[in-house]
Amino acid sequence: MNHYDDTFAVKICGLSTPETLAVALDAGADMIGLNFHPKSPRFVTIEQAIALAAMARGRAEIVALIVDWDETQAMRLVEALKPDWLQLHGRETPEQLRALKAATGLPVMKALGIAGTEDLAAVEAHRGVADRILLDAKPPKDAAYPGGHGRPFDWSLLAELDPGLRFMLSGGLDPANVAEAIRITRPAGVDVSSGVETAPGVKDAGRIRDFIAAARAGAQSLRP
């Protein structure tokens with residue numbers, strides 16, 4: 001299954017309990033993200049992830065989020081978990097993307113932090129190498145882990161991108177702003193983690209449902 005190529009994709013990332021995963025699946029999430037970065041409040045062990053992936057398989061695409069891993073680490077994870085995607089959230093270069101794709105045989109999503117126009121150059125550098133580009137807010141300088149930390153970036157910056165670029169949008173999205181973010185940036189999908197939480201790592205069922213519904217409504221506005 002590959003929702004992204006022909007329809008709008010909604011990804012709920014950082015899921016860590018069967019209960020909240022069930023909510024995301026029942027609400028129609030296209031992709032679910034499992035976070036393997038130890039410093040993240042959304043970290044899951046491989047044992048937890050295998051159980052969660054078993055629930056999701058066949059209903060949503062399974063994305064394994066890793067940060068600056070080498071091919072050996074990634075291969076071990078892929079063999080145990082059998083995810084559909086790797087999401088790279090560190091300082092991986094295009095060359096490292098190629099190596100990870102070759103080693104694992106999986107498509108790769110590359111997260112790129114955006115804070116100013118100077119950050120858009122990285123989008124072109126990874127285009128054609130990454131199977132998907134995920135545009136996220138840059139983390140604060142003193143952050144212990146990558147990602148947008150619940151803060152949106154200036155979406156108007158993306159007006160300078162090639163209109164033909166298919167990307168996913170992340171960073172500070174929540175049920176209240178996701179439809180507007182979609183209208184402004186016209187992405188091929190959206191990704192949320194902290195925007196559907198009541199505390200770091202604590203997903204909220206109502207917010208998950210509301211986010212997916214709002215994202216679907218926003219995606220309707222993109223239809224010709």
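If I build a Gaussian network model for the chain, linking alpha-carbon pairs within less than 10 angstrom, which residue out of M55, M168, M31 has the largest mean-square fluctuation? Among M55, M168, M31, the largest mean-square fluctuation in the Gaussian network model of the chain belongs to M55. Note on the chain: Cα-only Rg and Dmax are 15.9, 45 Å.
On the beta carbon distance between K82 and A213, with R0 = 30 Å, the FRET formula returns roughly 0.50.
Summing Cβ point charges (Lys, Arg +1; Asp, Glu -1) relative to the Cα centre of the range 42-87 gives a dipole of roughly 280 debye.
Near the amide H of A9, within less than 5 Å, lie the amide hydrogens of G189, V190, all on another chain or at least 5 residues away, with H placed in the peptide plane.
At full extension, T17 and E47 could sit 9.6 nm farther apart than now, given 0.36 nm per residue minus the alpha carbon distance.
Mean residue ellipticity at 222 nm, helices only, the chain: -9500 deg cm²/dmol; runs of at least 4 DSSP H residues each add -39,500 (n - 2.57), and the sum is divided by the number of residues. A simple count of charges around I62, restricted to other residues whose Cβ falls under 12 Å of its Cβ and scoring Lys, Arg +1 and Asp, Glu -1, yields +1.
Rounded to the nearest 5, the antiparallel percentage of DSSP beta bridges internal to the chain is 5%. Quick one: compute the contact order of the chain, relative version, from alpha carbon pairs under 8 angstrom and 6+ residues apart, as a percent. Normalised by residue count, the contact order of the chain is 19 percent.
With Cα atoms as the point set, the range 57-183 shows a radius of gyration and Dmax of 14.9, 41 Å. Only lysines eight or more places from K138 in sequence, or on another chain, were considered; those with a Cα closer than 28 Å are K11, K39, K101, K110, K203. Springs join every pair of Cα atoms under 10 Å in this Gaussian network model of the chain, and among G33, G201, G116 the largest mean-square fluctuation is at G116. Averaged per residue, the chain has 44 square angstrom of accessible surface, using a 1.4 angstrom probe with ligands and nucleic acids left out.
Would you mind telling me the share, in percent, of accessible area of the chain contributed by carbon and sulfur at probe 1.4 angstrom? Of all accessible area on the chain, carbon and sulfur atoms account for 52 percent.
Contact order, relative form, for the range 74-132: 38 percent (alpha carbon pairs under 8 Å, 6 or more residues apart, mean separation divided by residue count).
Karplus-based coupling profile of the range 88-97, in residue order and whole Hz: 9, 10, x, 9, 4, 8, x, 5, 5, 4, with θ = phi - 60° in 6.51 cos²θ - 1.76 cosθ + 1.60 and x standing for Gly or Pro. Counted residue by residue at 0.36 nm each, then reduced by the alpha carbon distance between them, the extension gain from Q73 to R57 reaches 3.5 nm. Shown in residue order for the range 180-185 are the 3J(HN,Hα) couplings computed by the Karplus curve 6.51 cos²θ - 1.76 cosθ + 1.60 at θ = phi - 60°: 5, 4, 5, 4, 6, 9 Hz (x for Gly and Pro).
The values are calculated or read from the model by the stated rules, or taken from the named source; none is laboratory data. Note that the coordinates shown come from a computational prediction; the quantities given were computed from them, not determined experimentally. Virtual Cβ from ideal backbone geometry, glycine too; neighbours counted across all protein chains shown. Keep in mind that these areas ignore ligands, DNA and RNA; they rest on the heavy atoms of the full protein, side chains included. Shrake-Rupley method; radii C 1.70, N 1.55, O 1.52, S 1.80 Å.
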